Amino acid sequence: MTSEYLILSAVLFCIGVGGVLIRRNPLVIFMSIELMLNAANLALVTFARARGDLGGQAGAFFVMVCAAAEVVVGLAIIVTVFRSKRSIDIDDMTLLSGAPGAEGGSLA
Amino acid sequence: MSQDLLYLAPIISVFAGALLGLLVEALAPRVYRFEAQTCLSGATLVVALIFAIRTFLSSNSRKTAVLGSVTVDGPTLGIWMLLLGFAIGAVVLMAERRAHGQTSAFTAQAATTPGSPDERAFLAARNEHTEVFVLLMFAVGGMLVFPAACDFLTAFVSLEVLSLPLYLLAGLARRNRAISQEAALKYFLLGALSSAIFIYGVALIYGSTGSFDYAQIADSLGQLKTSDKTIYAGLGLVIVGLLFKMGVAPFHVWVPDVYAGSPTAVSAFMAVCTKLAAVGATIRILFVPLGGLRWSWMLPLACIAVLSMLVGAIFGLTQRNLKRLLGYSSIAHAGFILMAIAMATTGVVGTQVGEFGSVGVSLFYMLAYGLATLGAFAITLLVRSSGGTEASEIYVWTGFGRRNPWYGIAMVVFMLSLAGMPLTAGFIAKLYVFALAWFNGYAWLAIAGLTLSLLTAAMYLKVIRLLFLSGGAAPSGSDNDQPTPTTSQASKPLNALIALCVMGTVFFGLLPSQFGNIAAAASVLLR
């Protein structure tokens, strides 16, 4: 009975990875990462249910707390970057690209 | 119980120091805060180091504490001692004000927008963020727990505890703030991604073995059905998460950007301490719970190690920025360490070359790499462009060794050690790694490593050649009108740190057996 939930969890994880790779807005990328964490939570809870063991359910709480702490730090960083650049498009983050003209550019 | 507390004393004292630091932040008057925080964090780390050494010297220093969540055994204590020692060096780098014109290297007020009137007001008031020391202490606390953790939940939580302060520290530079913030954003997104991958791998391992506990996972590996492939998916995802933190080649993209954009002290801290904690955790996770699967991870890891050395060597050669070059150098060195880990021999036969296990060799390699890298970043801190900002563009360094012979010689020692030249610690470390591979039947890996170490030497020799060339002219085609690079005066602690790094590099290069005995004692992992 639990395999449906595991498949759902795997699908969510893949959507998350796809979102990180495809989307260009850090907020959406960050939401995709949260989706991956929640996919892990779903897998943990499902396995705990299948094995009749409480450890996995407790683990899900630890993951949630860490995810919340990550949100605090992450949003702070994203807001700071937005305020100094007026843009948060990942494609605009080229100061450190190693490209010509950029800081640390390999062609100086 | 009291015995437990004694084993945990380094962790407890670091976290207590961090909390005290928060109190100092709230209560101490602004003028005293910088000195107070520097002294507090330095003293706390020294106390923690003394506790770690004391536990290491006492005979029964192998113990599981706190409901079996943390193991204090030889490798843990070895990593703790190195980690705390290098963290003290990082505090010295962070506390450096003289080289930055009597202000700290961290932003006056992180909340202000770069270039705004608010920012100018705070800069004029010579405001300083002293919270950076507290952030450093919390990160060190997480780094102490990460390699000692013996269940996956503790490992995940400590991974987050060490990462979150580092994301913030990366974005707090005083000058070039936009670049620093961009580095923080990149580090944060990729770091969060790697944590998510790690925890999904943990969930899969939990699913197939029914436990988070390393020892129980190791026990239940034997009872797995051969049709059960979930554990392999979990193994792969956990390894990817760990290699991200170590900065090994296919997962290295963040390393050069983050090292180049962060304040130099923070780059040094990340390059040495974060890597050390990640190496320790990788060793424990691969050897204890997943050791039964070693036949499926040894060869892939050996190939990744070769790839990492190759990427570090080739891209390092093309870099024109010293901090980026050190980033690629750290990728190459992560490859060498991974080579030692991939050999998966824990047993210690003796203290001769070729008789060490993976743990002892990794520890010695981290010692050699850490001394040279910390010293190189410390000297990078001193070179300024005419505007007073840090100039890590490599042409600024032309003739640096002629103008400042002492710093020049120190830099040459660090570069030679990183390149693995004889009479330096880096040579002995590489010798141990190659001998380990050779005697464990991976002759091709030893030969590949030897070839690639010659290739990596090229980038360090390029720096050495620049140091002693005459003149300091910018290359044609640069927009800068003849920047006149200056070397700022370093404070006494920073000079002492550079001198210690030089002495350590030479000492362990001449007398490696001094460390050999310690590494041998620190080799046995407790399940």
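The values are calculated or read from the model by the stated rules, or taken from the named source; none is laboratory data. Here the structure is a predicted model, which means the values were calculated and not measured. Heads up, the Cβs are rebuilt from the backbone with ideal geometry, glycines too, and the neighbour counts pull from every protein chain shown. Note: accessible area is taken over every heavy atom of the protein model, side chains too, but ligands, DNA and RNA are not part of it. Shrake-Rupley method; radii C 1.70, N 1.55, O 1.52, S 1.80 Å.
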Subject >> the stretch B:20-43 - residue that is free of Cβ contacts under 8 Å to residues at least 12 places away in the same chain and within 12 Å of B:Val134 (Cβ to Cβ) and, of those, surrounded by the most Cβ atoms within 10 Å (Cβ to Cβ) >> reply: B:Leu23
Subject >> Number of the condition not met by A:Ile29 [criteria: (1) in contact (Cβ under 8 Å) with a residue 12 or more places away in the chain; (2) in contact with a Leu (Cβ under 8 Å, 6 or more places away or on another chain); (3) open to solvent by 70 Å² or more (accessible area, probe 1.4 Å)] >> reply: (3)
Original post:
Any residue in the stretch B:387-397 that is under 17 Å from B:Leu497 (Cα atoms), touching a strand residue (DSSP E or B) at 6+ places or on another chain (Cβ under 7 Å) and at pLDDT 80 or above?
Top reply: no
Subject >> Selection within the stretch B:411-434 - of a type in the set (A, V, I, L, M) and either open to solvent by 10 Å² or more (accessible area, probe 1.4 Å) or not in a helix (DSSP H, G or I) (or both) >> reply: B:Val412, B:Val413, B:Leu416, B:Met421, B:Leu423, B:Ile428, B:Leu431
Original post:
Only one residue in B:Leu82, B:Leu169, B:Leu153, B:Leu135 is among the hydrophobic types (A, V, I, L, M, F, W, C), more than 30 Å from B:Ser491 (Cβ to Cβ) and part of a helix (DSSP H, G or I). Which one?
Top reply: B:Leu153
**OP:** Residues being of a type in the set (Phe, Trp, Tyr) and within 13 Å of another protein chain (Cβ to nearest Cβ): count how many of those fall in the stretch B:259-278.
**Re:** 1
Original post:
Just checking, which of B:Leu153, B:Leu159, B:Leu169, B:Leu136 is touching a residue at least 40 places away in the same chain (Cβ under 8 Å), open to solvent by less than 10 Å² (accessible area, probe 1.4 Å), under 21 Å from B:Asp73 (Cα atoms) and not acidic (Asp, Glu)?
Top reply: B:Leu159
**OP:** For the stretch B:194-211, name all the residues that are open to solvent by 20 Å² or more (accessible area, probe 1.4 Å) and under 27 Å from the mean Cα position of the chain (by Cα).
**Re:** B:Ile197
Subject >> Which numbered condition B:Asp219 fails, given (1) open to solvent by 10 Å² or more (accessible area, probe 1.4 Å); (2) within 14 Å of chain A (Cβ to nearest Cβ); (3) more than 28 Å from B:Ser104 (Cα to Cα) >> reply: (2)
Original post:
For the subset of the stretch A:1-57 comprising residues that are aromatic (Phe, Trp, Tyr) and under 13 Å from the mean Cα position of the chain (by Cα), which member is farthest from A:Ser87 (Cα to Cα)?
Top reply: A:Phe13
Original post:
Taking interchain pairs and intrachain pairs at least six residues apart, which have beta carbon atoms under 8 angstrom, with the first residue in the stretch B:110-130 and within 25 Å of A:Ser87 (Cα to Cα) and the second open to solvent by 70 Å² or more (accessible area, probe 1.4 Å) and charged (D, E, K, R)?
Top reply: B:Thr112/B:Asp118; B:Thr113/A:Arg83
**OP:** Collect the residues in the stretch B:258-274 that are among the small types (Gly, Ala, Ser) and in contact with a Phe, Trp or Tyr (Cβ under 6 Å, 6 or more places away or on another chain), keeping them in residue-number order.
**Re:** B:Ser267, B:Ala268
**OP:** Within the stretch A:49-61, work out how many residues are facing chain B (nearest Cβ under 9 Å), without any contact (Cβ under 8 Å) to a residue 12 or more places away in the chain and assigned to a helix (DSSP H, G or I).
**Re:** 3
